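Some notes on the structure that comes next.
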Amino acid sequence: MSNIVKVSEKIENFKKSITVPGDKSLSIRWVLFASLANGTSKAKNLLMSEDVLAALNAVKKLGIKVIINVKECRIFGKGINGYKYKKKLTINAHNSGTLGRLILGLLTNTPYPINLVGDKSLSKRDFRRVTKPLSKFGARFKLTKNNFLPLKIFGSSELKPIKYYENKGSAQCKSSIIFAGMRSNGTTIIKAKKSRNHTELLCKYLRLPISIKNHKNFDEIKINKVKTIKSLNYDIPSDISSSAFFIVLTALSTNSELIIKNVNINPSRTGIITILKKMGVKIFFINPKVYKGEKKADIKVISAKNLKALNCPPHLNSGAIDEFLVIFLVAAKAKGVSYFKDLGELNQKESPRLKWAEKILKKLGVRTITTNNSIKIFGNPNLNLVSDKKIIIKNYLKDHRVFMTSLIAALSFGGKWIIHDKDSINTSFPNFLKIIDNLKKK
């Protein structure tokens, strides 16, 4: 079967309702919390992607029983100290930075060295940002000279609490420290730049010994040693990062409307909604609810007639960090010059995404000025490629968001596109193309 997708026609107008898969961040965190709980935890709508399967395989290697069927996933937790460590153990995080970084926080007390490996993309990402604070607890690490994977963790039976300033806005780093703090004797204090807060919300819902003070530019988090975690039954809301591609496709289409059902709208994740509204896209939350600490709603999007350029406030960055590639497509069709800055974190993702944004926009004929942490996009409200304009997308380290952004660009602006490495979507959104096909059907 070909691993290439070819697109030669723009999408026609549509008015539909869709459901996207479960939230990846919540899915991986549920797996980790459930593996530490006392008793059986059940999850519905768990994202069955390669990243989540890697998390399930990781906890199975640590002696935790997992059963998956069509309706649900069950994890049989053995308590906060229930992991079974082996003398020779390797955990493969594959493409998942969330899994790779978070699980290190849970392995800080391992009595035997554990190897952590990943795929080609993950092995080019900085792990020093988590091993540095985790070493302050008493764990030791052996990394490559570039601070990449593979690495080896040497745990400690006497973990000490720490005080740490997390200044990158990395939820992965913050969560890893929280997990390590759950295993240490005393109170760990984290001053963290604003970022997604799923871990903290789950800690609060599970009534773990955590306190959070929200300040304007940072959160102060205190976590004490955890003795027990109750089992967690969870119907996981849909992923807003996956929804983003269809939100943008609708915004860039003509006379189209879309409702995306039951989406997680955690305020730390809705930066894309705020940004696109500022640019003139009509987006509404329908039937909002709070579910086990997380906000969710149906999202309604109406295609935009006039898009406005935006000088994007940097405080919105962390809430949209995974969505900027598709946001840049909206800026490409907006009237005026859009400016996005303080985005160095984009180059810490599966691929150097800021560079890939520049490449894709250049292929569209859109002028940009790009630095290592900012991009100016000179929008063209009449952007529309000639039908025989050939564009090839490949060699992007199989970054699923580069693939999906390229497909949205092809359907929105026309041309003849050849997009390689279709299987990259298996890390986060295996049925992405099926939903696209559904939107094409009349």
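Please give the Cα centre distance for region 100-138 versus region 402-442, rounded to the nearest Å.
So the separation of the two Cα centres works out to 33 Å.
What does DSSP give for region 300-442 in terms of the percent of beta bridges that are antiparallel, rounded to the nearest 5?
Once the DSSP bridges in region 300-442 are tallied, antiparallel ones form about 55 percent.
For Met404, Met279, Met48, what ranking results if the residue with the fewest other Cβ atoms within 10 Å of its Cβ goes first?
So the residues, fewest neighbours to most, are Met48, Met279, Met404.
Suppose we keep just the DSSP beta bridges with both residues in region 24-224; what percent of those would be antiparallel, to 5?
80
What does the net charge come to around Cys312 if you take all other residues with beta carbon closer than 9 Å to its beta carbon, with K and R at +1 and D and E at -1?
+2
Given the pairs Lys10/Lys300; Lys174/Lys362; Lys145/Lys349, which span a C-alpha to C-alpha distance of over 28 angstrom in this model?
Cα-Cα > 28 Å for Lys174/Lys362; rest within.
Between Tyr112 and Asp126, what is the spin-label point distance in nm, taking each point 7 Å from the Cα along the Cα→C-beta axis?
So the label points at Tyr112 and Asp126 sit 3.4 nm apart.
Using just the alpha carbons, could you tell me how many Å³ per residue the convex hull of region 347-442 encloses?
105
When the Cα atoms of the chain are enclosed in a convex hull and the volume is divided per residue, what value in Å³ results?
Cα convex hull per residue, to the nearest whole number: 132 Å³.
Using the charge dipole of the chain (Lys, Arg: +1 at Cβ; Asp, Glu: -1 at Cβ; taken about the Cα centre), state which of Asn81, Ala171, Leu36 has its Cα farthest towards the positive end.
Going by the charge dipole, the pick is Asn81.
Treat the count of other C-beta atoms within 10 Å as a stand-in for reagent exposure and order Trp417, Trp30 from fewest to most.
Ascending Cβ contact count within 10 Å gives the list Trp417, Trp30.
Report the full-extension gain for the segment Asn233 to Glu72: residue separation times 0.36 nm, less the Cα-Cα distance, to one decimal in nm.
56.9 nm
May I ask which residue of Met404, Val337, Asn115 lies farthest towards the positive end of the charge dipole of the chain, with charges of +1 (Lys, Arg) and -1 (Asp, Glu) on Cβ and the Cα centre as origin?
Of the candidates, Asn115 comes out farthest on the positive side.
Kindly state, as a whole number, the per residue volume in cubic angstrom of the convex hull around the alpha carbon atoms of region 34-144.
103
So, in nm, how far is label Ile302 from label Lys65 when the simple model puts each one 7 Å beyond its Cα toward the Cβ?
Simple spin-label model gives 5.4 nm for this pair.
Please list, ordered by chain and number, the residues whose modelled amide H lies under 5 Å from the amide H of Asp235; skip anything fewer than 5 residues away on the same chain.
Lys44
How far apart, in nm, are the 7 Å Cα→Cβ label points at Asn382 and Asn347?
Between Asn382 and Asn347, the label points sit 3.6 nm apart.
Which of rounded, prolate or oblate describes region 106-192 when judged by the alpha-carbon gyration tensor and an a/c cut-off of 1.5?
The shape class here is oblate.
Quick check on the chain: of the DSSP beta bridges with both residues there, what percent are antiparallel, nearest 5%?
Counting only bridges with both partners in the chain, antiparallel ones make up about 70 percent.
Using Cα springs under 10 Å in a Gaussian network model of the chain, which residue among Thr144, Thr228, Thr90 shows the largest mean-square fluctuation?
Thr144
Taking the Cα centre of region 1-144 as origin, sum charge times position over the Cβ atoms of Lys and Arg (+1) and Asp and Glu (-1), and report the length of that vector in debye to the nearest 20.
540
Using θ = phi - 60° and the Karplus curve 6.51 cos²θ - 1.76 cosθ + 1.60, what whole-Hz ³J(HN,Hα) does each residue of region 209-225 get, with Gly and Pro shown as x?
Ordered by residue, 3J(HN,Hα) equals x, 10, 10, 9, 10, 8, 10, 4, 10, 8, 10, 9, 10, 10, 10, 9, 4 Hz.
Could you work out the relative contact order of region 173-307? I mean the mean sequence separation of Cα pairs under 8 Å and 6+ apart, divided by the number of residues, in percent.
Over region 173-307, the number comes to 23 percent.
Compute the Cα gyration tensor for region 24-224, then decide on rounded, prolate or oblate, letting a ≥ b ≥ c be the square roots of its eigenvalues: rounded whenever a/c is under 1.5, prolate when a/b is larger than b/c in the other cases, and oblate in all that remain.
In terms of gyration-tensor shape, rounded.
Using the 10 angstrom Cβ neighbour count as an exposure proxy, how do Glu9, Glu158, Glu350 rank, fewest first?
So the ranking, lowest neighbour count to highest, is Glu158, Glu9, Glu350.
Using a simple charge model, +1 on the beta-carbon of Lys and Arg, -1 on the beta-carbon of Asp and Glu, nothing else, what dipole does the chain show about its Cα centre, in debye to the nearest 20?
With Lys and Arg at +1 and Asp and Glu at -1, about 720 debye.
Residue separation times 0.36 nm, minus the C-alpha to C-alpha distance between Lys88 and Asn167: what's the value?
25.0 nm
The numbers here are math on the coordinates, done by the rules we state, and not lab data. Small disclaimer: the values here were computed from a predicted structure and weren't measured. Virtual Cβ from ideal backbone geometry, glycine too; neighbours counted across all protein chains shown.
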